[in-house]
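Trainee: Structure incoming, see below.
The values are calculated or read from the model by the stated rules, or taken from the named source; none is laboratory data. These figures come from a predicted structure and were not determined experimentally. Positions of Cβ are generated from backbone atoms using ideal geometry, with glycine treated the same way; all protein chains shown enter the neighbour counts.
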Amino acid sequence: MYPSTEPFEVGKLKVSDIHTLYYEVSGKKDGAPVVFLHGGPGGGVDPSDRGFFNPEKYKIILFDQRGAGKSTPSACIEENTNWDLVKDIEKLRELLKVEKWHVFGGSWSHPDRVKSLVLRGIFTLRKSELKFFYQEGASHLFPEAWDEYIAVIPEPERQDMMLAYHAQLNSADEETRLKAAKAWAKWEMWTSKLYVDPAHVAHADDDVFATAFARIENHYFVNEGFMRDGQLLESQEIDKIRHIPTIVVQGRYDVVCPATTAYALKKVFPEITLTIVPDAGHSSREPGISKLLVEATDSFADL
């Protein structure tokens, strides 16, 4: 990855009566604009995220989505849907006077404003994907972490873990909310890398991060992404982005977003370049994944 350069512009963008977004711009002022869309939803950006882009070629735009990172109010799920996020990205694009930009992460944006897509860990919010990670599937690979994940939920409520967590994450009791948030976040931190990273797992103990990450992510998932089941793999949806040069990097042993989804995308969107990294899980910081992501952004830098 490239060295992380300091932003030359940092600001706040009010996008509704409730929400204000944090954003930053770094790299080359007149470079190829690229917008970084962080994970979760609810994960927020990190300074190291700038390192996926050559700062001598790209104008690097990072922002925290509603309720995440430095955006305010923290962990707020009111007025927080896919469609709100799409509108926010358009407002940011207009604020920064960008005609078209490269999109890194996932395309929450308008296809006619996108020059290229670099995607990692494909997730389409199908019920089968959610069930695999939060109900039964990944649990067979990480039994000790799974025990901690289910421990905060009373046994009679465990037939629908996402819904049970939703109740606790939105409880009137602060201690209940925080305990659930840390357990939810810890499950994902545990399972995100091929080799469990203790430092990554410890990040779940951060009260602010865990609360935003867990509440927003769970909010999107219990609402099934505010989309039809399988909508993102429908041909009429793929046709909207089929013309966009797209590179997908997928970890073979990604249990958060299993490779079967990236493979399903390739079948309906054969124009993409899909590389499955044989020795990686989900995290963009795994060596094989970060290497290919940087190569992908390098290839689009002069587009």
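Trainee: Every residue in the stretch 229-260 that is of a type in the set (D, E, K, R) and either within 30 Å of W184 (Cβ to Cβ) or assigned to a helix (DSSP H, G or I) (or both), please.
Mentor: Listed by number, the residues that qualify are D229, E234, E237, R252, D254.
Trainee: So R50 ticks every box in (1) assigned to a helix (DSSP H, G or I); (2) within 24 Å of K182 (Cβ to Cβ); (3) in contact with an Asp or Glu (Cβ under 9 Å, 6 or more places away or on another chain); (4) not aliphatic (A, V, I, L, M) but one. Which box is left unticked?
Mentor: (2)
Trainee: State whether the residues of the stretch 153-171 include one that is assigned to a loop (DSSP other than H, G, I, E, B), among the hydroxyl-bearing types (S, T, Y) and more than 18 Å from the chain's Cα centre (by Cα).
Mentor: yes
Trainee: If we scan the stretch 142-149, do we find a residue that is closer than 26 Å to N80 by Cα and either touching a helix residue (DSSP H, G or I) at 6+ places or on another chain (Cβ under 8 Å) or among the charged types (D, E, K, R) (or both)?
Mentor: yes
Trainee: Continuing with the same structure: Of the conditions (1) outside the structural domain of D206 (by TED's automatic domain parsing); (2) surrounded by fewer than 15 Cβ atoms within 10 Å (Cβ to Cβ), L141 satisfies every one except a single condition; which number is it?
Mentor: Failed condition: (1).
Trainee: I'm checking my understanding of the structure. Among residues of the stretch 100-141 that are under 18 Å from A259 (Cα atoms) and among the hydroxyl-bearing types (S, T, Y), which one is modelled with the lowest pLDDT?
Mentor: So the residue we want is T124.
Trainee: Has the stretch 24-32 got at least one residue that is modelled with pLDDT of 95 or more, buried (at least 19 other Cβ atoms within 10 Å of the Cβ), out of contact with any Leu (no Cβ under 9 Å at 6 or more places or on another chain) and within 19 Å of K100 (Cα to Cα)?
Mentor: Within the stretch 24-32, one or more residues are modelled with pLDDT of 95 or more, buried (at least 19 other Cβ atoms within 10 Å of the Cβ), out of contact with any Leu (no Cβ under 9 Å at 6 or more places or on another chain) and within 19 Å of K100 (Cα to Cα).
Trainee: Report the residue count in the stretch 3-23 for those that are free of Cβ contacts under 8 Å to residues at least 60 places away in the same chain and in a loop (DSSP other than H, G, I, E, B).
Mentor: Final tally of qualifying residues: 7.
Trainee: So, of the residues in the stretch 48-65 that are buried (at least 17 other Cβ atoms within 10 Å of the Cβ) and out of contact with any strand residue (DSSP E or B) (no Cβ under 7 Å at 6 or more places or on another chain), which turns out to be farthest from D207 (Cα to Cα)?
Mentor: Result: N54.
Condition check ((1) free of Cβ contacts under 8 Å to residues at least 24 places away in the same chain; (2) surrounded by fewer than 19 Cβ atoms within 10 Å (Cβ to Cβ); (3) acidic (D, E); (4) assigned by TED's automatic domain parsing to the domain that holds S74) across all residues:
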residue: W146; (1), (2), (3), (4): no, yes, no, no
residue: D160; (1), (2), (3), (4): no, yes, yes, no
residue: S171; (1), (2), (3), (4): yes, yes, no, no
residue: T176; (1), (2), (3), (4): yes, yes, no, no
residue: S192; (1), (2), (3), (4): no, no, no, no
residue: A212; (1), (2), (3), (4): no, no, no, no
residue: R242; (1), (2), (3), (4): no, yes, no, yes
